[in-house]
Each structure stands twice: as C-alpha cells, then as structure tokens.
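Data first, discussion second: the structure below is written as structure tokens.
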Amino acid sequence: MRLNQLRDFVAVFDAGSIRAASRKLGVSQPGLTKSVRLLEEELGSTLMHRTSRGVTLTPAGRSFLAHARAVHVELARARAELDQIAAVADASVTLGVAAVFGPVLIP
C-alpha cells in the first residue's frame, strides 16, 4: 500500500467523482482509477461503487476512509515536527559585546 493510493482514495471520495479528483490532483483519470483499483485489490475489498453520477462508499470503504484520513493527519504532524526540528537546527544566536568585555565574557 502506497501513500499516493491513500491520497487518491480520499481525494475521490472528497471530490465525489474520479473526474473531479483527477482535476484536483492534477493526474489522469485512468491513472487515478488504476491507483484506487490496485488499493482495492491489495485490500481484497471493494471500497466504492462507481456510477455515472459519481462514487459512493461501501461499508468497507467508510471504515477504511477513517483510517486513511488518520494516516494523512499523522503524516502532516510528522512533517510539521520535522520542519520544527530543521528550524531549530538552522537557528543562530548573535551576541554583541563591547570590545573591552569581549575577552572576559566570551570564553
């Protein structure tokens, strides 16, 4: 299971159709359809019913959607934490001291 498959599944549900999700994500409809189909095959369960009016979730799809959203939330938290760590690592302190006190205070 790949993160992009989870992203695609959530996007299709949120957008209401594969066409709308493909436009939102900037990917092709066939590619998006294949991604969701491969996810369903890997899970061994149909997650959504596709109709000419859009998609509806199956009971398995509703259950899996909650988990897929939780993965996205945790991933966003991990990215935010890494950004904070990188910001601290790049931080610097500048200290201004008069030339008379520098040799005494700095060491």
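The values are calculated or read from the model by the stated rules, or taken from the named source; none is laboratory data. Given the structure is predicted, the values throughout are model-derived calculations rather than measurements. So basically every Cβ, Gly included, is an ideal-geometry build from the backbone, and we count neighbours across all protein chains shown.
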If you scan the stretch 26-52, which residues turn out to be free of Cβ contacts under 8 Å to residues at least 12 places away in the same chain, more than 18 Å from the chain's Cα centre (by Cα), under 13 Å from V12 (Cα atoms) and in a loop (DSSP other than H, G, I, E, B)?
S28
Tell me which residues, restricted to the stretch 29-41, are in contact with a helix residue (DSSP H, G or I) (Cβ under 6 Å, 6 or more places away or on another chain) and loosely packed, with under 15 Cβ neighbours inside 10 Å.
Q29
Answer residue from the stretch 42-80, given it is in contact with a Gly (Cβ under 6 Å, 6 or more places away or on another chain) and under 16 Å from L6 (Cβ atoms) and is surrounded by the fewest Cβ atoms within 10 Å (Cβ to Cβ) among those
M48
Find the residue count for the stretch 41-93, including only residues that are touching a Ser or Thr at 6+ places or on another chain (Cβ under 7 Å) and farther than 22 Å from A20 by Cα.
1
Can you pull out every residue in the stretch 9-45 that is in contact with a Lys or Arg (Cβ under 8 Å, 6 or more places away or on another chain), within 14 Å of F64 (Cα to Cα) and among the β-branched types (V, I, T)?
V10
Please name all residue pairs, on different chains or six or more residues apart, with Cβ atoms under 8 Å, provided the first residue is in the stretch 8-25 and is assigned to a helix (DSSP H, G or I) and the second residue is among the acidic types (D, E).
A21/D8; A21/D14; L25/D8
If you check S92, S45, S63, S35, which single one turns out to be of a type in the set (G, A, S) and modelled with pLDDT under 85?
S92
Of all the residues that make up the stretch 26-41, how many are over 14 Å from N4 (Cα atoms) and acidic (D, E)?
1
